Every structure is written in C-alpha cells, then in structure tokens.
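Read the structure below first, then the notes.
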Amino acid sequence: MRLRENDDVGEKEEVVENDVTLAQNQWCPVVNAGFSSPKRAVVVGYALTTKKIKSFLQPKLEGLARNKGILFVAIDHTRPLSDQGPFDIVLHKLSGKEWRQVLEDYRQSHPEVTVLDPPDAIQHLRNRQYMLQAVADMNLSDSYGIVGVPRQLVIKRDAFAIPELVNKAGLTLPLVAKPLVADGSAKSHALSLAYEQFSLQKLEPPLVLQEFVNHGGVLFKVYIVGDAIKVVRRFSLPDVSKWELSKDAGIYNFPRVSCAAASADDADLDPTIAELPPRPLLEKLAKELRWRLGLRLFNLDIIREYGTRDHFYVIDINYFPGYGKMPEYEHIFTDFLLSLGQGKYKKRSG
Ligand SMILES: Nc1ncnc2c1ncn2[C@@H]1O[C@H](COP(=O)(O)OP(=O)(O)OP(=O)(O)O)[C@@H](O)[C@H]1O
Ligand SMILES: O=P(O)(O)O[C@H]1[C@H](O)[C@H](O)[C@H](OP(=O)(O)O)[C@@H](OP(=O)(O)O)[C@@H]1O
Ligand SMILES: [Mg+2]
Ligand SMILES: [Mg+2]
C-alpha cells in the first residue's frame, strides 16, 4: 500500500541547534579492568542538545558506562570533527543541513567510526509523508497479528481544498492532523483532531491527515536500541464514539498525550487493551525496520485497534527518542555500545 500525497513542497531547512555543551574533551583512553591487562576504552563522541544531554546522559548511565569501559566525550561542533577524538562511536541528534554534511564527510573520511545513525536515514523520519512508508511496504501479517499504518493524506498547501481532497481520498472521520515536518520542535508536536469535514478548512498545511483508529486509550511505545527491544504502555487519546462524532463539529488541538508522565504500566486496565503486542511480532517488525530504515536508535508508537486482538497500527516513529525514560536503559544502552565497539575490534584483528 502506498501512502497518499498531494503535491510537492520544498522542505524548510534550519540551522544547527547551538545549545550543545562545549565541554572540553577529557581523555582517558585506557581503562583497567581488575587485574587483567588494560583494555582500550570505547570512546563515544556525542553531539546532542542540552535537553537531550539532560534526559539521556544521566549520572546512572555515565557511571555504568565508565565501569564498563565506555567514555562519553562532548563534541564541539564549532571545531572540525576530524580534529577531535579519536572516536569509536559518534552519537548525535542535532538538526541542520550543515551539520548533516559535516557528519556525511566524517563518515566518508572515517569509515572505522560508527556514526549513530546515518544522517540521511534520520532525515527520512523527519517527514510524516514518508515516516511510515517502510511499515506500509512491509505488509507484516503472520499468525501473531497484522501490522499496518492508518490511511493518510498529505496536504501541502491550500486549506480550502481539504474537504474535497478528503472526500475524494475516501478517508473516514475523525482525522488526526499532524504537522508534516517532525523535527522535534514544539510546533511539530502540535496535533489536532478533526471531527467534521468542513471544519478541516481551518487547518494549517503543510500537514498529514491520518485516520483516527480507536484503540482503547492506550498505546505501546516500542524502544529499539540495536537488537534490543523494550515496550512500555502509555495513555493515549480516548476512543471516539459514533455519537460523539455526530455531535462534535470542530477541530480540537490536543496536548502531548502520550509523554512519559502518561505511563500506563501500573494502571488497572482492561487486559484486552493492556496486553502487550506479541513479542515475536515486535521482533520481526523491529528487525525489518532496522534494515529498511537503516537506523539502530528509534522508537515506534503502536496501537491495537479496539475490539480486535491482533490488528496493530504504527502511528509514529521517532529517531533517538527519550531513552532516559526507558526502563533499564543504562544497561541496554551500554551493552549496545560495547557490542558495537567489540564488533569493530574483531573486524580489525580479523
Ligand atoms: N492515527 C491515530 N489514531 C489514534 N490516535 C492517534 C493517531 N495518531 C496519533 N494519535 C494519538 O496522538 C498522539 C500523538 O501522535 P504522534 O505520536 O503521531 O505525535 P508526535 O508528536 O510525533 O509524538 P511523539 O511525542 O511520540 O513524537 C499519540 O500518542 C496518540 O495518542
Ligand atoms: O523527536 P523529539 O526530540 O521530539 O522526540 C521526543 C519524543 O517525541 C518524546 O517527547 C520524548 O519525551 P517522552 O515522551 O517524555 O519520553 C522526548 O524525549 P527527551 O527525553 O529527549 O525529552 C523525545 O526527544
Ligand atoms: Mg508519538
Ligand atoms: Mg513523533
């Protein structure tokens, strides 16, 4: 199945965020592991926003990493990347064309360094028109369930044409209106729910209109870190009944409904709604998406269609999400970084 689109629009570019911590590189390339011979540390250069440093690089992660021989070093993006390091791994979440080019050049000139993840692959997720395409292309259906994406329509401009375009596309109301660009800004998370066709004209393109799928008000956030998968439950938008649909006429902006504060892991829920998607299904989905997206660090928002046991929809994919809120993230992440480091040494000595 292909996702629908309207017409083309140039993507807005923005400059690299300038709130990177410009800490001095601290060097300690060799760690002592007990009485055995000293091992070389895995050096991870990071280029992250201040917000991300705070949520991700928590003391519990840095402490465990140090014990395991992993060293985090802040990248100074105002200096050439090749003058810094040497790094084994570069971890990054900054935006901007220039920064992407810096990373691309660095990948070319330093093939021995693992850049998490390739800028082009990340870029693909920044546009909701393409974000879910890989899931749609997979057509995943097996004895554990079916995984699809909601039908959606891309509106690049001309809000007045929306009712007719929605009608022509045969989309069913209510619709979730999502900004086309998903770049982590507050604006890109400003979503609304539309109950009625003619009020759709009030929306501000460019956006994606996605069919709202009733799912019992709970969603599953599936965190992926390399081969590791961790699933949590979060509260989500409540179901919309036929009666509500006939009664409500407007467009409703809604706040960040499924953020970490909306954890539903300890809630007393109807088991048919709360039951996690089958593990083998998630493993298959994650493995295939890692390959199709070319990413190792991302999460998926998945919902189970209300009244079904095994019909799932992926509604959102985020690059380098809030891992700091993922249970056991410090163990999962450090194991992942070590596995990358070790894989490389094997390759070098092999
Ligand atoms: N098609 C849909 N059907 C039902 N609910 C939806 C749908 N799309 C989004 N939602 C609800 O809206 C919320 C926000 O949507 P979405 O995850 O796409 O936005 P986002 O801003 O990219 O979120 P994130 O903070 O995870 O990046 C979801 O958590 C879910 O509660
Ligand atoms: O792409 P962005 O940076 O917007 O991704 C967000 C994500 O959408 C969630 O808002 C995360 O917060 P929680 O839902 O509370 O987990 C953010 O995590 P943070 O720890 O970095 O604030 C993601 O970055
Ligand atoms: Mg989401
Ligand atoms: Mg998102």
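Along its principal axes, the stretch 243-350 has C-alpha extents of 69, 29, 27 angstrom, given from the largest down. For residue 316, nonlocal amide neighbours, meaning residues 5 or more places apart or on other chains whose placed amide H falls under 5 Å from its own, are 301.
Comparing 289, 78, 269 along the charge dipole axis of the chain, the residue lying farthest to the positive side is 78, per the Cβ-charge model. Shape call for the stretch 175-306 from the C-alpha gyration tensor, a ≥ b ≥ c root eigenvalues: rounded (a/c under 1.5), prolate (a/b greater than b/c) or oblate? Oblate is the answer for the stretch 175-306, as a/c is 1.5 or above yet b/c matches or exceeds a/b.
Below 12 angstrom from the Cβ of residue 317, what's the summed charge of the other residues (Lys, Arg +1; Asp, Glu -1)?
+3
Packing around the peptides 81-91, 269-279, taken as the average count of other Cβ atoms within 10 Å per residue, puts them in this order, highest first: 81-91, 269-279.
Once the Cα atoms are used to define both axes, helix 329-349 deviates from the longest principal axis of the chain by about 50 degrees. With angles folded into 0 to 90 degrees, how steeply does helix 97-109 sit against the dominant principal axis of the chain? Use alpha carbons for both and round to 10. Around 40 degrees separate the two axes. The tail of the calculated P(r) for the stretch 80-208, taken as Cα-Cα distances beyond 21 Å, holds 56 percent of the pairs. Less than 5 angstrom separates the built amide H of residue 183 from those of 188, all sequence-distant by 5 or more or on a different chain.
In this structure the amide hydrogen of residue 74, modeled in the peptide plane, comes within under 5 Å of the amide hydrogens of 26, 46, none closer than 5 places in sequence on its chain. Rg of the Cα atoms in the chain, relative to 2.2 N^0.38 Å, amounts to 1.07. On C-alpha positions alone, give me the angle between the axis of helix 59-68 and the longest principal axis of the chain, in degrees, nearest 10. Here the helix axis deviates by roughly 50 degrees. So what does the Cα-only Debye profile of the stretch 38-154 read at q = 0.20, 0.21 Å⁻¹, as log10 I(q)/I(0), no solvent term? Summing over Cα pairs of the stretch 38-154 leads to -1.07, -1.13.
We did not get these values from a lab; they are worked out from the coordinates using the rules stated. Treat the numbers as computed from the prediction; the structure is a model and nothing was measured. Reconstructed Cβ throughout: ideal geometry from the backbone, glycine too, with neighbour counts over all protein chains shown.
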